[in-house]
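Heads up: the structure comes next, in structure tokens.
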């Protein structure tokens, strides 16, 4: 672990990088631009969830395919989810993003419909889980259990991370950052007020993990939930109120700088 002196220097360095990348220009090359097309809360969260679900691989491909999903939903995701018929869902059978294919996509839409019609929507499901013990772990665990309460193919289960099996849940943590984190920069939405941003966990991926290890803020070699907990604990020491602002710094350094 870095020394105290170095930690102070690293904090100052990351504060500057977070400020550099946490701005509207970030949206131009990031998948978060897809939910930014909408103004209705439910449209934002559904678009954000589906976009985050396919957020691996090349970013331009992610954005292109997420926009294709929005087009298939008539660019009105909440209304589509509430009213879609079996025939409407069938139009997604040829959707493909890497290993996320038509079968998976149709189940995701069916499960979202179940969540909005019978469980009060995405915000309520995640928030109810958070209220169990005020942790994102419980929020993610409860969400996954409800999401897969409908019958589904085994292959589809891999597309929602299982934190109970020590998964890092990068895409779900990114989605929660989008929905929960609130500041005046205009990137994250901050539309779920009953989950505290101080409780958010770092979306750990190749870029954030490599940067954190290079800065000696993360010792664990595997990108799993234990590593997420380790690095997020360090970031909370840097900023107890808004620790995940450093996602912008760690990701930006790893993705855009040598």
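The values are calculated or read from the model by the stated rules, or taken from the named source; none is laboratory data. Owing to the predicted nature of the structure, the values given are computational and were not obtained by experimental measurement. All Cβ positions, even for glycine, are placed from backbone atoms using ideal geometry, and neighbour counts span all protein chains on display.
Determine, yes or no, whether residue 159 is within 14 Å of the chain's Cα centre (by Cα), more than 21 Å from residue 190 (Cβ to Cβ) and touching a residue at least 40 places away in the same chain (Cβ under 8 Å). Yes. Only residues that are surrounded by fewer than 17 Cβ atoms within 10 Å (Cβ to Cβ) and without any contact (Cβ under 8 Å) to a residue 40 or more places away in the chain were counted in the stretch 44-66, giving 5. Exactly one residue among 205, 188 is in contact with a helix residue (DSSP H, G or I) (Cβ under 8 Å, 6 or more places away or on another chain), modelled with pLDDT under 95 and within 23 Å of residue 31 (Cα to Cα), and that residue is 205.
Could you check the stretch 89-106 and list, in sequence order, the residues that are part of a helix (DSSP H, G or I), touching a helix residue (DSSP H, G or I) at 6+ places or on another chain (Cβ under 6 Å) and closer than 21 Å to residue 173 by Cα? Of everything in the stretch 89-106, just one residue is part of a helix (DSSP H, G or I), touching a helix residue (DSSP H, G or I) at 6+ places or on another chain (Cβ under 6 Å) and closer than 21 Å to residue 173 by Cα, namely 104.
Return yes or no: is residue 14 surrounded by 14 or more Cβ atoms within 10 Å (Cβ to Cβ), farther than 19 Å from residue 172 by Cα and out of contact with any helix residue (DSSP H, G or I) (no Cβ under 6 Å at 6 or more places or on another chain)? Here the answer is no, as residue 14 does not meet what is asked. If the condition is being closer than 23 Å to residue 99 by Cα and either surrounded by fewer than 19 Cβ atoms within 10 Å (Cβ to Cβ) or over 21 Å from the mean Cα position of the chain (by Cα) (or both), then the stretch 74-83 contributes no residue at all.
So that you can scan it fast, the table gives a plain yes or no per residue for (1) in a helix (DSSP H, G or I); (2) surrounded by fewer than 18 Cβ atoms within 10 Å (Cβ to Cβ):
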residue	(1), (2)
129	yes, no
139	yes, no
186	no, yes
204	no, no
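Only one of the numbered conditions (1) within 19 Å of the chain's Cα centre (by Cα); (2) within 21 Å of residue 189 (Cβ to Cβ) is not met by residue 120, and that is (1).
Of the residues making up the stretch 160-177, those that are surrounded by 17 or more Cβ atoms within 10 Å (Cβ to Cβ) and in a helix (DSSP H, G or I) are 163, 170, 171, 172, 173, 174, 175, 176, 177. Of all residue pairs spaced 6 or more apart or on separate chains, those with beta-carbon atoms under 9 Å, a first member in the stretch 216-229 that is free of Cβ contacts under 8 Å to residues at least 12 places away in the same chain and a second member that is buried (at least 16 other Cβ atoms within 10 Å of the Cβ) and not in a helix (DSSP H, G or I) are 222/168. Hey, could you check the stretch 67-79 for residues that are in contact (Cβ under 8 Å) with a residue 24 or more places away in the chain and part of a helix (DSSP H, G or I) and say which is nearest to residue 256 (Cα to Cα)? Filtering the stretch 67-79 for residues that are in contact (Cβ under 8 Å) with a residue 24 or more places away in the chain and part of a helix (DSSP H, G or I), the one nearest to residue 256 (Cα to Cα) comes out as 67.
Look at residue 39 and say whether it is exposed (fewer than 14 other Cβ atoms within 10 Å of the Cβ), under 21 Å from residue 177 (Cβ atoms) and at pLDDT 95 or above. Criteria met by residue 39. Quick check, is residue 234 closer than 23 Å to residue 7 by Cβ and more than 19 Å from the chain's Cα centre (by Cα)? When the stated conditions are applied, residue 234 passes them. Counting only residues that are farther than 23 Å from residue 257 by Cβ and assigned to a loop (DSSP other than H, G, I, E, B), which one in the stretch 221-231 is nearest to the chain's Cα centre (by Cα)? Among residues in the stretch 221-231 that are farther than 23 Å from residue 257 by Cβ and assigned to a loop (DSSP other than H, G, I, E, B), the one nearest to the chain's Cα centre (by Cα) is 224. Checked against the criterion of being touching a residue at least 40 places away in the same chain (Cβ under 8 Å) and more than 24 Å from residue 202 (Cα to Cα), the stretch 127-139 contains not a single residue that satisfies it. Report every pair of residues separated by at least 6 positions or lying on different chains whose Cβ atoms are under 7 Å apart, first residue within the stretch 92-104 and at negative phi and surrounded by fewer than 19 Cβ atoms within 10 Å (Cβ to Cβ), second modelled with pLDDT under 95 and in a loop (DSSP other than H, G, I, E, B). Listed pairs, sorted by first residue: 103/153.
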